[in-house]
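Structure first, then comments.
Laboratory data are not the source of any read-out in this text; all were calculated from the coordinates shown. Since this is a predicted model, take the numbers as computed values, not measurements. Counting neighbours? That spans all protein chains shown, and the Cβs are built from the backbone with ideal geometry, glycine included.
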Amino acid sequence: MLTEHEIEIRVRYQESDPMGFLHHTCYFIYFEMGRTELLRAAGGNYRQMEAEGQRVVVVDAECRYHRPARYDDWLRLRTAIVRTTPAKIEHRYELFRGEEKLATGRVVLAVVNAAGKVQPVPEWMQLQEK
């Protein structure tokens, strides 16, 4: 399984606060974009998972802001799966402008069924032993 992926993102005007900085809440939106594209690049698809009765929910999220991003900046987001357990998937994020690291983040997900009951992480989504 693919465990790391990068995407590029342009900071849009509506994502900026009145000072022109990327609003702090948008970092988590970017993290979700990174997770979605990592899954897609690995051959997975959230829509298919939902059709099969599985949902992925955030159970823990954090972001450390190192430097501000600004409106119209061209950013690069690196998303990596760093750990899986039978019940959870942990992602790490690094957001860059050029080579300058702007933020680091971490999100832990759990897989649940349509009723919200925790389900095992599908085998195809688990990190393989090296």
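Largest GNM mean-square fluctuation among Gly105, Gly53, Gly34, using the chain with Cα springs under 10 Å: Gly53. Proximity of backbone amide H atoms, modeled 1.01 Å from N, is registered between Gln119 and Val111, Val112, Asn113 at under 5 Å, excluding neighbours fewer than 5 places apart on the same chain. Dipole orientation for the chain: of the candidates Tyr65, Met33, Gly116, Gly116 has the Cα lying most toward the positive pole (charges on Cβ; Lys, Arg +1; Asp, Glu -1). For the chain, the longest principal axis of the Cα atoms and the long axis of helix 26-41 meet at an angle of about 50 degrees. Given the chain, what whole percent of its Cα pairs are spread farther than 27 Å? In whole percent, the long-distance tail amounts to 23. Stretching the chain fully between Met19 and His66 yields a gain of 15.2 nm (0.36 nm per residue, less the alpha carbon separation). Annotation: amide H-H contacts under 5 Å for Leu75 (H modelled 1.01 Å from N, sequence separation of 5 or more, or interchain): Ile9, Arg10, Val11.
A DSSP coil position with no more than 15 other Cβ atoms inside 10 Å describes the following GluC sites (Glu not before Pro) in the range 18-66: Glu52.
If you place +1 on the Cβ of every Lys and Arg, -1 on the Cβ of every Asp and Glu, and leave all else neutral, what size is the dipole of the chain about its Cα centre, to the nearest 20 Debye? Present the calculation step by step, with values, prior to reporting the outcome.
Numbers: 19 positive and 19 negative charges, 29 e Å.
With Lys and Arg at +1 and Asp and Glu at -1, about 140 debye.
Where in the range 70-106 are there GluC sites (Glu not before Pro) that are in a DSSP coil and have at most 11 other Cβ atoms within 10 angstrom of their Cβ?
Working: sites: Glu90, Glu94, Glu99, Glu100; in loops: Glu99.
Counting only loop positions with at most 11 other Cβ atoms within 10 Å, the GluC sites (Glu not before Pro) in the range 70-106 are Glu99.
Could you tell me what a quarter of the Cα convex hull surface of the range 49-89 works out to, in nm² with one decimal place?
On the way: hull surface 20.5 nm².
With every direction weighted equally, the projected area is 5.1 nm².
Think of it as helices only: each DSSP H run of n ≥ 4 in the chain is worth -39500 (n - 2.57), and spread over all residues that comes to -5000 deg cm²/dmol at 222 nm.
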